[in-house]
Every structure is written in C-alpha cells, then in structure tokens.
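For reference, the structure discussed in these notes is given below.
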Amino acid sequence: MEGDERVSHATPEKVIAPKRQRMLDMVLALSGLKEESTIPLSKVKDELENLKKELAPLTDAIIAFPDSYFEKFLESVKKSNIAAEINDRGVLKESISNLEQALSTADSVSLKALNKILTDALNRMTEVEEHHDVSADIDLASTISTLSDFISEIELITDEFEKAAETEADSARSELVTLAESLKETQEKIEKDPDAALDELQKLGSQTRYGPGLRSIAQVKRGKREGRIDDAQFNRLVKENLLTEINRGVILFILSKMGSKTVVQIGELMQTPPQTIQNALVTMIQRGEVEMVGLDGDAPVFSRVLTETPNATLLMKRIVQQVRGMVKSLEGETTETMKEALGRLQTLLERLKILGAYNEALLSDSINKLREAVDSVTESVLTAQTTDDADNLKLLISAGLEAFARFRLKITLEKGPSLVSGTNVYGEKLDPEVYKNMMDTYLDNELERGTILILIRELGALTVHDLAERTNIPSDRILRHLLRMKRDELLIIAGENHGYILYDVPRTLSEAEISIQTTSDLALHLSAAREELQRILSDLKASDIGKLANSLEVFSKARDKLTSVRVQGTVIDETTLNDVEDKIRSAVLLTYRTRAKIPSTRPKVTIEDLLDIDVPSVLDEYRSQMGYAPLLGFGTIEWEQSKCLGCKSCEITCPEHAIELKPRIEIPKFFEISDDALSQLPSNRSLFYRTVQNLAKIKPSNELILEKEAPGFGTVEVDLWLCVACRTCVRRCPGPEGGALELELKWSLPEVVKHITSTS
C-alpha cells in the first residue's frame, strides 16, 4: 500500500478543475484510496436510521398523495365526460398503455376505472370509423368559405398571445433598465479597475443566469489566481471576451422576457451600438442559443432557440405547404379565395414563429378544424371521380393525396415530361428510359411516404415495426422514409414503445387530451417511483441513497406537472397538491443532506485492481452513490498545423476554455507541409505557404512570437488539466480532411489517477 499512499496524498500545485475533481473523487473513493466523508464509517448506520425517522411522517403523505389525486381526477372525468372530447386515437392508445403498465405495478381502483372509461371511448371510436361511409361529394365552395372563419379564430387567439407577451415584456422593462445601466457603469470601470469590473460582470451574469458567461468569468478568475494569465491578458479578456459574454446574457434575457427582436431593437433596449449586438449574436447563433425567425421589413428578427417547437406551429407549417400546393391546382374564383387564405396563413405562421412558446391548448380546436377543412378541400380537388371503396385502394388514394398536397409530386408530374421532349439550359435531353426509372422510383417513394403519414395520422404514433406490419413495406425502407420525413418536419418523435422509437405527426391537443395524456403518463411514473421508494425505505443502505433521492425527485416533478392539469378549466385536488409540496421538498433536502455526509463504503483496493474495471459501469455506480456529474473522458488533443485555418472555432466553442490559439507561429513547420496538404487548403492560404517556402533561402529554425494576436495565425495549445474530452473542438474544426484536431481517448484508470494527482 506504500505506492497507494503516495498517490492518494499527492497534492497538485494548482487548483483542480471542478469536473476533474469529480473524477478524482470518483476514482479514489471507489477504489478505497480515499474516503470522502464528514462522518466516520462507524456512524453511517446511525445516520441512515436518523434519516428514516425524519422521513417517516413525510413519506407516508408522499406515497398516499397520488391515490387521493387520481380519485378526484376520476370524479371530474365522469362528471365532465371529457373522454368524449378526445378525438385523437393516439392519445387514447398511449394513455391506456400507460395506465395498464401502472396497474401492473400496483392495484388502484381509480386508475382501473379511468382505464375502462378510456378503453370504452377507444372502442366506440373504432366502431364509428368502421361503419362510417365517407362521401366523395364535397361542396368545394362551401368548404373553402369556412376557411376564413377558422383563420379569423386563430388570428384572434394569436392577438391575445401577443398581448400577453407584450404585458410580460412591459413587466421586464424595469429590470432591463437596471441591467443596462449597471452594464454601462461597469464598462466605464474596466479601464480603471478591471478586477472590480470583473466582480460587477459576475453579478450581472448571475442576474441574467447566462451559464457560458459565468463559466468564462470563473475560468479567467482562476487563471489569474493560478498565475496562468498575466495582467495584460487579464485586462484584455475582461474588456473584450467577458464583456461580450455578459452582452450575450442580456440579449438572451431580452429574447426570453420580451420576445423576438431585431438587432436595432435589442441595441436600443440595451443602449448599445447595433454592431456590438450583431457581433454577439453571431456566436449565439453558432452556440445554438438564438435563431432567425422572420423579418421586420428588411431587418431579420431573432428569437431564442426553443428546446421543442410547439406542435401547433409545425401543424400550421404543414397547412401552409398544403394550401400553397392547392392554390396552383385550382381554377376560377376559388383560386383568389385560396390565395387570400394562403396570405393570411403565412402571416399567422410567421407570428407564431416569432412568439416561440405559447399555450397550445387555446389554439387546438380552431387549428384542428382548419386542418380538417383544408384536408376536405384537397380531397374534393383530387378525388371527385373516385368511387371505389376498397380499403387498399382508399389507402393508396389517400397516400397519393398526401403526396400531392405537399406539391412536390405535382411539380414532378408537370415538369418531368419536358425534360424528355425538350432540353435543359445546357442543351441536354433526358433519356426516356432513365426518366421512366426515375419516375417509378420517385412515385413509389412518395406514395409510400403518403401511406405512412395517413396511417400515423389515423392510428396515432407508430414504430417502424408497426408500420412494416401494416404496409408490407420492408423495415429498412420504412426507416429511411421516417428519417426523411422527420428532417422535413412532417413527423416528430413521440417517445418509445418496448425499445422502439414512436413516430407521430405534429398534433395540437385539446385541453381534455392534454389532461388525459399528462395524467396517465404521470400515473405510470408515480407507480414505479412509489414501488422503488417503499423498497428502499424498507431496508435503507448507503448504496441506495442516490436512488432514494431520484425517487423523491419523481414525486416532486410529477406534483408540479399535475398543478397544470385542468378539467374544464379547473385544477384537480388543488388542496392535496399544495399540502404535499412542502413535504416533498423537505424529504428531498433531508436526503441530499444525508447523502453528502456518507462516505464510500467500498473496501480498499490497490491501483492495480482498477486495471480491468469498465469505466461506464464505475460511473453508474458512482452516480447512484454520490450524485456527481461525471467527466466525458480523458485524452490527448493532437494539432496539425497544415490543416489549421486559424479561425479560433476550437477556442470559441470549448465549453471548458481548455484550448487557445496562441500568438506564436511555428515557422519551421511551414516547410514541412506537403503539396497534397496544400491542395486541400483554401487558395489564399495555400498561396501564402507556397510563397513563404519559395522566398526563404534557408529553412528557419526559430518560432515567431507575436506581440498581439494575428487573425488566422497562431499555435493551438490545449490545457489537459481543463480538457474533459468532449470532442467539441474536433467536431467544430472546419479544416480540411476532418479538421486540424484529433482526440485520442485514454481510459486507463491508473493513468487517470496518475495524471490528475500529478505535481507536474
């Protein structure tokens, strides 16, 4: 154990980066080389018993609250008959599946009754569809006239969304004024006292809660404290980089609280020149934080990037595409009516994009009526002469309609023959046999995609396996179609079913559908969490402390979601939800507090014993015991100058600030770049290297140290102390042949321990 003691007590010369420290803790704690604790091992059992006693009155109420809630929810469902308001077969099927899984875990009278109500509703829907005869005779003029009414309804609701957004923006203005004034005062301090200015920037970063800015400030502070950043570099970083980071934080605050804005509007609100805003936005777009969502005149309108686009926006996009295709298919007076409707729909789509997030439930009825009306117009235009009611033919026709509505098929049918009979701009003709093969393949693909869309729309979310069984299309072709339609935003991911991904069309659910879907989903999660919680508390061990915290977190998040569930506008069992909130919060805090005190209980081993340990399994075990976020890995970054463009993409995108383009040019390496490597570079850069090679009388032996940064040139250096092997720099490098950076991962635990405890 002498070698082990030397490793476990080694003290690094500089402060370990937070993520490195977590990995060090993990390796040493799990190996037994170090005990991370605030209590001795002999006290662990007593600590766990104390936790059980403190949790007992809390967990009794926590475990009981779901049954109380679901009982009240069942009463509301029966009284309001909201099951009759559900028109989406997919919602019913998914909800029934969730309830059946929940009941397999634990018996519940209320959930069993709710499941029967939903099953009966699904059966009635199926019976109606089986006996429903759809007439091909649709009054086109009458159906088109209803579009205007539905569009007007959506416009009124969108007006309310925009008014609500403006009200929220007004309430944020005073906070923004304070931020802008503080930012201006801090900017004036930078030249005189950069240290004080940095503290002020950190406070502003905390107010805006902009993570990248706060991380950058922490890195710069630590770099100066450790002597890795001199005064001149520190002053420049504060004045340029960190000030820009805080500007980005304020921009994101504006876009989050005050809605989408142009560069000029953001500049006016921040009292900052538009050019400064423009520069900050470029990086925010690269980081995936901001996107352009429309135009205000000729000025681009920017919005924060949402984690998920509202289904109503996706559905409106599909409707616009469909109407745009129909406008070119109609003739006479109806064409003008549809053109007017198309203009209003396009404007609505832009308004919804600019709004970003909104209450979809308020739009659901109107937008679903609009979708049905547009589908009816499409069917009227394209199937007026269809009389065959055979199921397979009906599905094929519907698939053709779906493909035609997206307009690509119509363009191909209209323009294709001219490629054979005429010539293109180069005077070339398309061989008729080649054209026939192309068209056969294209038509097959479009009809298959149309079939998939029709089935998913009617039956709800389906997997590749489900679709292959129903269509007899091979699974690999189904998957290719699904991925293409997902990229075209015709489909969305709707979860999993027995390990298979579920694909669905964008749907705008009604309040009743949202309530049923949310409640059934939470019933499933809560039943599993309750079983886990009871099991853990029956025999609480140190290794289960992380699982205990996770189970309680499930109850906490479920309670929060249930407060948003409404039946006919009313929150269900609000009293119980409010009463249990404090109990859940207290239980979570007690558990986390105890977990922080408990040391690792693994036996002591030597470093040699860790050689064959699989790191991912170690991470899983460590996470359950300690709750820390793990590193992605360790490794060495290799940089190849011949492929480097000096663009600083690696430095800008590194989340740990572990990589930097130093103002140092390795001139001797210019003469080692091969002709093949030069041919892969942009012409200007290649010409520069060739010119240097040709002008030199002898090969230089010294590097060129620059007084300041030179755009496009420098030497990339990586601080392996900070690098977490996330590959961001490798992925973002735009250099030729895969880029100028390469990461070699090293997962040897002894090597990891040796590296992060090294004194060098």
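The values are calculated or read from the model by the stated rules, or taken from the named source; none is laboratory data. These figures come from a predicted structure and were not determined experimentally. Note that each Cβ is placed from the backbone with ideal geometry, even for glycine, and that neighbours are counted across all protein chains shown.
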Among A587, A629, the single one that is within 30 Å of P212 (Cβ to Cβ) and either at pLDDT 85 or above or surrounded by fewer than 15 Cβ atoms within 10 Å (Cβ to Cβ) (or both) is A629
Residue set A197, A232; condition modelled with pLDDT of 80 or more and loosely packed, with under 15 Cβ neighbours inside 10 Å; output residue A232
From the option list R209, R225, R215, single residue qualifying as charged (D, E, K, R), surrounded by fewer than 17 Cβ atoms within 10 Å (Cβ to Cβ) and in contact with a His (Cβ under 9 Å, 6 or more places away or on another chain) is R215
Residue within the stretch 153-172 that is outside any helix (DSSP H, G or I), at pLDDT below 90 and over 30 Å from D521 (Cα atoms) present: no
Per the filter on the stretch 474-524, residues hydrophobic (A, V, I, L, M, F, W, C), without any contact (Cβ under 8 Å) to a residue 40 or more places away in the chain and crowded, with 20+ Cβ neighbours inside 10 Å are I478, L482, L491
Report task. Answer yes if at least one residue in the stretch 91-99 is in the same structural domain as R530 (by TED's automatic domain parsing) and without any contact (Cβ under 8 Å) to a residue 12 or more places away in the chain, and no otherwise. Result -> no
Margin query: Quick check on the stretch 537-549. Is at least one of its residues surrounded by fewer than 19 Cβ atoms within 10 Å (Cβ to Cβ), under 30 Å from K317 (Cα atoms) and modelled with pLDDT under 80?
Written below: no
Those residues of the stretch 486-516 which are closer than 19 Å to T313 by Cβ and of a type in the set (S, T, N, Q) amount to T508, S510
Taking the conditions exactly as written (over 25 Å from K116 (Cβ atoms) and either in contact with a Gly (Cβ under 7 Å, 6 or more places away or on another chain) or β-branched (V, I, T) (or both)), does T570 satisfy them or not? no
Subset of the stretch 656-705, residues assigned to a loop (DSSP other than H, G, I, E, B) and either more than 42 Å from the chain's Cα centre (by Cα) or surrounded by fewer than 14 Cβ atoms within 10 Å (Cβ to Cβ) (or both), comes to S674, P682, A696, K697, I698, K699, P700, S701, N702, E703
Does R457 satisfy the condition of being more than 22 Å from D375 (Cα to Cα), part of a helix (DSSP H, G or I) and either of a type in the set (K, R) or at pLDDT 65 or above (or both)?
no
Q101: passes all of (1) buried (at least 16 other Cβ atoms within 10 Å of the Cβ); (2) under 34 Å from the mean Cα position of the chain (by Cα) but (1)
Counting only residues that are of a type in the set (G, A, S), over 34 Å from the mean Cα position of the chain (by Cα) and closer than 16 Å to K662 by Cβ, the stretch 220-239 contains a total of 1
Filtering helices (runs of 4 or more DSSP H) wholly in the stretch 510-598 for at least 1 residues that are over 26 Å from the mean Cα position of the chain (by Cα) and closer than 30 Å to S80 by Cβ gives 511-538, 574-597
